[in-house]
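Every number here is computed from the coordinates shown, using simple stated rules; none is lab data. If you're wondering where the values come from, they're calculated on a predicted model, not measured in any experiment. Quick reminder, even Gly has a Cβ in these numbers, built from the backbone with ideal geometry, and neighbours come from all protein chains shown.
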Amino acid sequence: MTMTDRREWMGLVARSDPGMLAHLLGELPPHSLARAPETGAVMVRGRAGGTGAPFNLGEMTVTRCSVTLAGGEVGHAYVQGRDKPHATRAAILDALMQGDRAEAIRRDVLAPLARHASQRAATRRAKAAATKVEFFTMVRGED
């Protein structure tokens, strides 16, 4: 994953483990809150069969935050749940990716997060595969 698309890196950061993100980011750079972290709800929509007419599936809790770094870079983030520090760190990472430290952040933070997400997905796939049931029909002796 190249992480050149903002949507990709923000999705990765939003789904990441908050503790791992905190560890990888380390000490936060000087910043001010353009929009303090706040928690609300968004409507989640689905599509029947993935392509049908959209329908409202239900609400999901999200926390959003916007920050401005000392250099003027602005970052925004939405994360699932009520974790305000996670939303703040995600917004800071977004702002850092707007500046001259983008390559270092991509290498030192996003790449490890992507590897971790890939490992988690592989573990989930392996657990699901272990529960797969193969159905077959045996020939009955009535013929």
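Highest first, please rank the peptides 85-92, 117-124, 14-21 by the mean number of other Cβ atoms sitting within 10 Å of their residues. Mind dumping the intermediate values first?
Numbers: 85-92: 24.6, 117-124: 11.4, 14-21: 16.1.
Ranked from most to least packed, the peptides come out as 85-92, 14-21, 117-124.
Ala129 to Asp100: extension gain in nm, 0.36 nm per residue of separation minus the Cα-Cα distance?
Values: separation 29, 0.36 × 29 = 10.44 nm, distance 4.32 nm.
Gain on extension, Ala129 to Asp100, equals 6.1 nm.
Suppose the chain between Arg15 and Glu27 were pulled fully straight at 0.36 nm per residue; how much longer would it get relative to their current alpha carbon spacing? Show your work: numbers first, answer last.
Values: separation 12, 0.36 × 12 = 4.32 nm, distance 2.07 nm.
Gain on stretching Arg15 to Glu27: 2.2 nm.
Between Arg45 and Glu59, what is the spin-label point distance in nm, taking each point 7 Å from the Cα along the Cα→C-beta axis?
Going by the 7 Å Cα→Cβ label model, 1.8 nm.
When Lys and Arg each count +1 and Asp and Glu each count -1, what net charge do the other residues less than 12 Å away from Met60, Cβ to Cβ, add up to? Intermediate results must be reported in sequence, preceding the final value.
Working: positive: Arg45, Arg82; negative: Glu59.
Overall, the nearby charge balance is +1.
Would you work out if the chain is rounded, prolate or oblate? Take a ≥ b ≥ c from the square roots of the eigenvalues of the alpha-carbon gyration tensor; rounded if a/c is under 1.5, else prolate when a/b is larger than b/c, oblate otherwise.
Details: a/c = 3.04, a/b = 1.96, b/c = 1.55.
Since a/c reaches 1.5 and a/b is larger than b/c, the shape of the chain is classed as prolate.
Would you work out which of Met43, Ser32, Ala114 lies farthest towards the positive end of the dipole of the chain? Charges go on Cβ: Lys and Arg +1, Asp and Glu -1.
In the chain, that residue is Met43.
With springs only between Cα atoms under 10 Å apart, run a GNM on the chain and tell me which of Val67, Val109, Val44 wobbles the most.
Residue with maximal mean-square fluctuation among Val67, Val109, Val44: Val44.
What does the net charge come to around Thr131 if you take all other residues with beta carbon closer than 13 Å to its beta carbon, with K and R at +1 and D and E at -1?
Values: positive: Arg124, Arg125, Lys127, Lys132; negative: Glu134.
That sum, taken over residues with Cβ under 13 Å, equals +3.
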